[in-house]
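Peer 1: Sharing a structure, written as structure tokens. Questions coming.
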Amino acid sequence: MRPETTNSTPSHRAAAIALAACTVLSAIAVAAHPTVHTSSASQLLADMVEGRRADEHVHAAVIIFMAGYVFGFVGFAQRVGLQRTSVRLGLIAYGIGALAMIGAAMLDGFITPGYAAQFAGAPPEKAEMAVAILQLAWTMLQYLSVLGFIGMSVGMLGVSLPLLQAGGLARITGIAGLISGVLPIGFLLIAQVDLDPPLLIGILAVQAIWNLTAAAWLVHGHEAVAPAGLSQPA
């Protein structure tokens with residue numbers, strides 16, 4: 001059986017644009033993410049309410065970017081070949097990760113600020129109770145984010161594995177998928193779910209490498225990919 005050709009089409013280029021654009025815009029959104037630093041429960045709630053609109057705008061953008069990522073990822077998977085088991089499993093894993101990331105964005109950008117707004121100006125004892133409940137929400141946020149990163153990384157690995165047998169830019173994309181699939185999971189195992197800013201930036205940087213490499217292959221890659229299943233004489 002001869003290798004399968006992988007010529008670029010307008011749909012592949014659209015997927016490439018989605019991956020590249022969402023990668024750049026996501027970095028801007030992360031940089032614009034509001035932060036609060038205070039030890040007072042009342043002041044913490046007040047700061048959350050003050051930054052509520054910015055939180056909503058940033059996380060609404062993140063949700064839109066996740067839809068763009070999925071669009072680009074599906075286009076990439078189609079070009080590699082949906083008949084491949086690793087590609088189908090990668091799509092499932094990536095979809096789970098994207099849904100978890102959307103849940104995290106809803107929780108961090110809309111639910112917790114909305115909850116904090118209900119206690120704005122409340123007596124100190126009520127403010128402390130509200131912050132105690134918010135701690136549960138922030139714990140949920142950590143685990144949703146971890147699930148999101150792991151799902152998306154496993155997805156990148158699954159769709160990239162077939163490209164390791166190809167040459168040129170396709171092989172480079174496969175290697176990038178291997179790195180982006182393994183390193184973030186290793187980072188998270190070491191950190192034990194503690195997503196501090198340096199770790200978050202590191203994971204996003206590693207995944208951005210695959211996004212941009214995959215986008216480049218979708219547009220410029222013309223290498224043949226080994227067929228799925230057992231090879232047979234042509």
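Peer 1: If one computes the Cα centroid of the stretch 164-184 and of the stretch 66-100, what distance in Å separates the two points?
Peer 2: 15
Peer 1: Under 1.5 on a/c is rounded, so check that first for the stretch 31-144, then, if it is not, pick prolate when a/b is larger than b/c and oblate when it is not; a ≥ b ≥ c are the square roots of the alpha carbon gyration tensor eigenvalues.
Peer 2: Numbers: a/c = 4.36, a/b = 2.71, b/c = 1.61.
Prolate, because a/c is 1.5 or more and a/b exceeds b/c.
Peer 1: First select every other residue whose beta carbon is under 13 angstrom from the beta carbon of residue 54; then total the charges, Lys and Arg +1, Asp and Glu -1.
Peer 2: On the way: positive: 52, 53; negative: 47, 50, 55, 56, 108.
Local charge sum for residue 54: -3.
Peer 1: Any idea which of 34, 182, 201 is furthest toward the positive side of the dipole for the chain, if Lys and Arg beta-carbons carry +1 and Asp and Glu beta-carbons -1?
Peer 2: Toward the positive end, the furthest listed residue is 182.
Peer 1: I've got another one for you. Which distance in Å, rounded to a whole number, links the C-alpha centroids of the stretch 185-223 and the stretch 121-161?
Peer 2: Answer, in whole Å: 19.
Peer 1: Related question: Provide the per-residue ³J(HN,Hα) series for the stretch 205-220, in order, calculated from phi with Karplus coefficients 6.51, -1.76, 1.60 and θ = phi - 60°, each as a whole number of Hz, with x at glycine and proline positions.
Peer 2: Once rounded to whole Hz, the list reads 5, 5, 5, 5, 4, 5, 3, 6, 5, 4, 4, 5, 5, 4, 8, 10.
Peer 1: Give me the dipole magnitude in Debye, nearest 20, for the chain about the Cα centre, with unit charges on the beta carbon: positive for Lys and Arg, negative for Asp and Glu.
Peer 2: Details: 9 positive and 11 negative charges, 197 e Å.
Dipole size: approximately 940 debye.
Peer 1: Further question on the same structure: What residue among 64, 19, 160 has its Cα farthest toward the positive end of the dipole of the chain, where the charges are +1 on Lys, Arg and -1 on Asp, Glu, each on the Cβ?
Peer 2: 160
Peer 1: Ok, one more. Among 212, 44, 169, whose mean-square fluctuation peaks in a Gaussian network model of the chain (Cα, cutoff 10 Å)?
Peer 2: 44
Peer 1: When the chain is modelled as a GNM with alpha-carbon springs shorter than 10 Å, which of 177, 155, 51 fluctuates the most?
Peer 2: Looking only at 177, 155, 51, the biggest GNM fluctuation is shown by 51.
Peer 1: Sticking with this structure for a sec: Between residue 138 and residue 220, what's the calculated FRET efficiency when r is the beta-carbon distance and R0 is 30 Å? Round to 0.05. Intermediate results must be reported in sequence, preceding the final value.
Peer 2: Values: r = 42 Å, r/R0 = 1.41.
The pair residue 138/residue 220 has a calculated efficiency of 0.10.
Peer 1: Among 49, 78, 94, which residue has its Cα furthest toward the positive end of the charge dipole of the stretch 43-95, with +1 on Lys/Arg Cβ and -1 on Asp/Glu Cβ?
Peer 2: The residue sitting farthest along the positive end of the dipole is 78.
Peer 1: Using a/c under 1.5 as the rounded threshold, could you call the stretch 81-122 rounded, prolate or oblate? The axes a ≥ b ≥ c are square roots of the C-alpha gyration tensor eigenvalues, and prolate needs a/b larger than b/c, oblate otherwise. Could you put the intermediate results ahead of the total?
Peer 2: Working: a/c = 9.81, a/b = 7.69, b/c = 1.28.
Judged from the Cα gyration tensor, the stretch 81-122 comes out prolate (a/c at least 1.5, a/b above b/c).
Peer 1: Take the chain, connect every pair of alpha-carbon atoms lying under 10 Å apart with a spring to form a Gaussian network, then pick out the residue of 69, 143, 94 with the largest mean-square fluctuation.
Peer 2: Checking each option, the largest mean-square fluctuation is seen for 143.
Peer 1: For the stretch 10-219, treating each Cα as an identical point scatterer without solvent, what Debye log10 I(q)/I(0) comes out at q = 0.10 1/Å?
Peer 2: Relative scattering, expressed as log10 I(q)/I(0), comes to -0.46.
Peer 1: Run lengths n ≥ 4 of DSSP H only: what is the helix-derived mean residue ellipticity at 222 nm for the chain, with -39500 (n - 2.57) per run over all residues, to the nearest 500? Can you show the working numbers first?
Peer 2: Working: 8 runs with 174 residues, N = 234.
After summing the helix terms and dividing by the residues of the chain, the value is -26000 deg cm²/dmol.
Each value in this text was obtained by applying a stated rule to the coordinates, not by laboratory testing. The structure displayed is predicted, hence computed values, not measured ones. Cβ: placed from backbone, ideal geometry, glycine included. Neighbour counts: every protein chain shown.
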